[in-house]
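Everything on this sheet refers to the single structure shown next.
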Amino acid sequence: MSWSKPPVSVLSRTQDQAPVPSDYVLKHKAMSSKTVVVDLLWQVKKQFAFTVNEHVFNPIESIVGHKLVDLILSEKVQVADKSVIDLGCGSGMVGLCAITKKAKKVLFTDINPHIDGIQNHPLFRKCDEWQVQDVLSDVPDSSYDTVLVLPPWMIVQEGRQIASDTFESGIFRPSNLYGKILADSGRVLKPRGQLVIWLRIPLASFQSLIELIAMAADKFDMTSATLLAHGIESVICVDHEKSLIGGWMYKLQKGGVANDSLWMFLSLTRRND
């Protein structure tokens, strides 16, 4: 596994004594039930504080969010002097990290209208923008250097409607979302622009990875594709679990390889044509 635990912590300034449900959806419903101010720490040093609005996905326990933060702050993902899109920005944590690493411009965008307020953050500059939209539907062609995106990991059940103005838009995704992200990113990126995307591929349906590679090849140079981090979901989650009992319970709930997934951070380069 090449997914090392990142030196990232996101700490709430509000001490809530209410127990947090163990169920993933109920836990995030509770965590997004009110606005909170949190501090981002990297390598034990505070980087900045930011606000997680009510009804917005709370990244305090986001394993993949913390990993992308580490990739940016360690400069394994280079954003200096680049125009960057924080796609599915939520609280704006990733885009704010890009600003601290001297991104030329950052567009914070999400389908959830409750991201409103990111423009009031002290790090937000006159050149930066925020926008509510479905994926990148309103962004001009060939206009950005980098897209950073952490798609929701749970596929919504057929027939179920997820309201865009709730925390659920940050944890559920339609089955075609990966394809829309690849298509829109390929359109809005400049030639040789970079897409950094987190993918979760169930081991029981590995064919989906082949299908994604085929879709990506339409716009991206697959010969230059780079794995920034990868590993097996159960191993990563147990490694991040704070208690031995919690790790044991996770393994028990996972139920073996048939329910496990491959996690990967993939860097793709937009073709010149």
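The values are calculated or read from the model by the stated rules, or taken from the named source; none is laboratory data. Remember, it's a predicted structure, so these values are computed and weren't measured experimentally. Reconstructed Cβ throughout: ideal geometry from the backbone, glycine too, with neighbour counts over all protein chains shown.
Some points to look at:
- Candidates Met264, Met215, Met249, Met222 - the one that is aliphatic (A, V, I, L, M), in a helix (DSSP H, G or I) and at pLDDT 90 or above: Met215
- Lone unmet requirement of (1) over 24 Å from Val37 (Cα atoms); (2) of a type in the set (A, V, I, L, M, F, W, C); (3) at pLDDT 95 or above for Phe108: (1)
- Scan the stretch 225-246 for residues that are more than 30 Å from Lys190 (Cα to Cα), of a type in the set (S, T, N, Q) and either under 22 Å from the mean Cα position of the chain (by Cα) or modelled with pLDDT of 90 or more (or both) and the total you get is 1.
- Condition check for Ser142: assigned to a loop (DSSP other than H, G, I, E, B), modelled with pLDDT of 95 or more and among the small types (Gly, Ala, Ser): yes
- Qualifying residue in the stretch 17-39 (condition: among the basic types (Lys, Arg), part of a loop (DSSP other than H, G, I, E, B), surrounded by 14 or more Cβ atoms within 10 Å (Cβ to Cβ) and more than 17 Å from the chain's Cα centre (by Cα)): no
- Some residue of the stretch 11-20 being closer than 17 Å to Asp70 by Cα and either in contact with a Ser or Thr (Cβ under 9 Å, 6 or more places away or on another chain) or at pLDDT 90 or above (or both): yes
- Exactly one residue out of Lys105, Lys126 is free of Cβ contacts under 8 Å to residues at least 12 places away in the same chain and of a type in the set (D, E, K, R): that is Lys126.
- Selection count, the stretch 215-238, where residues are among the acidic types (Asp, Glu) and more than 19 Å from His66 (Cα to Cα): 2
- Scope the stretch 172-207; condition at pLDDT below 95, closer than 22 Å to Thr109 by Cα and among the polar types (S, T, N, Q); matching residues: Ser175, Asn176
Condition check ((1) more than 22 Å from His55 (Cβ to Cβ); (2) in contact with an Asp or Glu (Cβ under 7 Å, 6 or more places away or on another chain); (3) surrounded by 12 or more Cβ atoms within 10 Å (Cβ to Cβ)) across all residues:
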| residue | (1), (2), (3) |
| --- | --- |
| Gln133 | no, no, yes |
| Val156 | no, no, yes |
| Asp165 | no, no, yes |
| Pro174 | no, no, yes |
| Gly193 | yes, yes, yes |
| Ser205 | yes, no, no |
| Ala214 | yes, no, no |
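- Answer from Lys105, Lys67 - the residue that is surrounded by fewer than 21 Cβ atoms within 10 Å (Cβ to Cβ), out of contact with any His (no Cβ under 9 Å at 6 or more places or on another chain) and either among the charged types (D, E, K, R) or more than 15 Å from Tyr144 (Cα to Cα) (or both): Lys105
- Test result for Ile210, at pLDDT below 95 and part of a strand (DSSP E or B): no
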